[in-house]
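Report on the following structure.
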Ligand code: DAK
């Protein structure tokens, strides 16, 4: 799709597959990698032929966190004034098309936070999640205290964030932070299958749907219900809504045109 140094970006039909590719350091998220991720996400968002993104890691990890080597000697003023490149790191969190994290091995610290920015998390049976920042003298800074708490609740989040312990795939699924667990060998094929299923439906409608679900995390119930209603109304402005409903009535499969 495009040549990068720290990630691999591939086009699989209407699905973009992004693979973090620093396996020697468990895909530690360095600034250059995050810049590449920001670039590729902008390209995917702007490309009407791509509907869904799958994010995964090469080797033993999804990502073992931000690159500690890059952070270790930073001082307060530098971290505060640059926010370690803040907005760039939030790009996946504001990505508008459906996203799937396919997690094998470690998803720790920033790796866990990155997975939590996705719409769906598929975990391989060897996946390990955690926010171990407290064990290196800091706290989660990329959404871990907020998105994780909303995903699994205060008491489980405190248990993880205050101890730094890892959660295996089973416990993560029980806690509600994983959509489903699949055998390691099937992880990427299953993620692509799921992505293709989503991509076979209407892309603008999927974008409306994910935005409505996200409202549940960002506002009160009454505001969220209002937002949902508006997005539901908006779906009637698309040709795909007409096609979907007419096809149902004509007892034939719909042909969505992403219009
Ligand atoms: N950074 C740099 N290198 C890492 C790394 C990391 N996060 N994780 C692993 N590595 C490197 C190791 O140093 C080692 O390199 P060599 O010694 O071979 O050169 C290699 O990867 C293999 O790791 P291990 O030898 O440690 O492998 P093990 O199987 O024994 O252990 C482990 C695996 C995942 C349990 C262990 O590597 C580990 O505990 N890693 C660190 C996990 C961690 O603490 N992660 C949280 C980092 S803090 C923000 C944006 C982002 C963030 C915050 C704010 N803003 C925009 C505001 C995020 C912060 C974080 O993620």
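The values are calculated or read from the model by the stated rules, or taken from the named source; none is laboratory data. Please read these numbers as outputs of a predicted model, since none were measured by experiment. Note that each Cβ is placed from the backbone with ideal geometry, even for glycine, and that neighbours are counted across all protein chains shown.
Assess whether residue 254 counts as being surrounded by 13 or more Cβ atoms within 10 Å (Cβ to Cβ) and outside any loop (DSSP other than H, G, I, E, B). Steps first, please.
Numbers: surrounded by 13 or more Cβ atoms within 10 Å (Cβ to Cβ): yes; outside any loop (DSSP other than H, G, I, E, B): no.
No.
When the residues of the range 135-154 are narrowed to those that are within 18 Å of residue 84 (Cα to Cα) and assigned to a helix (DSSP H, G or I), which ends up farthest from the ligand (Cβ to nearest atom)? Reasoning before the result, please.
Initial filter on the range 135-154 (within 18 Å of residue 84 (Cα to Cα)): 136-145.
Now drop any that are not assigned to a helix (DSSP H, G or I), which leaves 136, 144-145.
Numbers: 136: 5, 144: 8, 145: 11 Å.
Result: 145.
What's the number of the only condition in (1) exposed (fewer than 15 other Cβ atoms within 10 Å of the Cβ); (2) more than 10 Å from the ligand (Cβ to nearest atom) that residue 70 fails to meet?
(2)
Can you tell me which of (1) surrounded by fewer than 23 Cβ atoms within 10 Å (Cβ to Cβ); (2) within 13 Å of the ligand (Cβ to nearest atom); (3) at pLDDT 95 or above is the one residue 20 doesn't meet?
(1) is the only condition that residue 20 fails.
Please go through the range 41-67 and pick out each residue that is assigned to a loop (DSSP other than H, G, I, E, B), on the phi < 0 side of the Ramachandran plot and within 16 Å of the ligand (Cβ to nearest atom). First the steps, then the outcome.
In the first step, residues of the range 41-67 are kept if they are assigned to a loop (DSSP other than H, G, I, E, B); the result is 47-51, 58-60, 64-65, 67.
Now drop any that are not on the phi < 0 side of the Ramachandran plot, which leaves 47-51, 58, 60, 64, 67.
The answer is 58, 60, 64, 67.
Scanning for something modelled with pLDDT under 95 and in contact with a helix residue (DSSP H, G or I) (Cβ under 6 Å, 6 or more places away or on another chain), does the range 95-116 turn up at least one residue?
Going residue by residue through the range 95-116, those that are modelled with pLDDT under 95 are none.
For the range 95-116, residues modelled with pLDDT under 95 and in contact with a helix residue (DSSP H, G or I) (Cβ under 6 Å, 6 or more places away or on another chain): absent.
Tell me which of these residue 88 doesn't satisfy, since it passes every other one: (1) in a helix (DSSP H, G or I); (2) surrounded by fewer than 22 Cβ atoms within 10 Å (Cβ to Cβ); (3) more than 10 Å from the ligand (Cβ to nearest atom); (4) touching a residue at least 12 places away in the same chain (Cβ under 8 Å).
With (1) in a helix (DSSP H, G or I); (2) surrounded by fewer than 22 Cβ atoms within 10 Å (Cβ to Cβ); (3) more than 10 Å from the ligand (Cβ to nearest atom); (4) touching a residue at least 12 places away in the same chain (Cβ under 8 Å) applied to residue 88, the lone miss is (3).
Please find, among 170, 190, the residue that is out of contact with any helix residue (DSSP H, G or I) (no Cβ under 7 Å at 6 or more places or on another chain) and either over 30 Å from residue 46 (Cα atoms) or free of Cβ contacts under 8 Å to residues at least 12 places away in the same chain (or both). Spell out the reasoning first.
Details: 190 fails: either over 30 Å from residue 46 (Cα atoms) or free of Cβ contacts under 8 Å to residues at least 12 places away in the same chain (or both).
The unique qualifying residue is 170.
Those residues that are under 17 Å from the mean Cα position of the chain (by Cα) and either in a helix (DSSP H, G or I) or over 16 Å from residue 117 (Cα atoms) (or both), I need them from the range 155-179; list them, please. First the steps, then the outcome.
Start the filter on the range 155-179 by keeping residues that are under 17 Å from the mean Cα position of the chain (by Cα), which leaves 169, 172-173, 176-179.
169, 172, 173 - these are the residues of the range 155-179 that are under 17 Å from the mean Cα position of the chain (by Cα) and either in a helix (DSSP H, G or I) or over 16 Å from residue 117 (Cα atoms) (or both).
Would you check which residues across the range 124-134 are touching a residue at least 60 places away in the same chain (Cβ under 8 Å) and either assigned to a loop (DSSP other than H, G, I, E, B) or away from the ligand (no atom under 12 Å from the Cβ) (or both) and list them?
Scanning the range 124-134 gives 124, 127.
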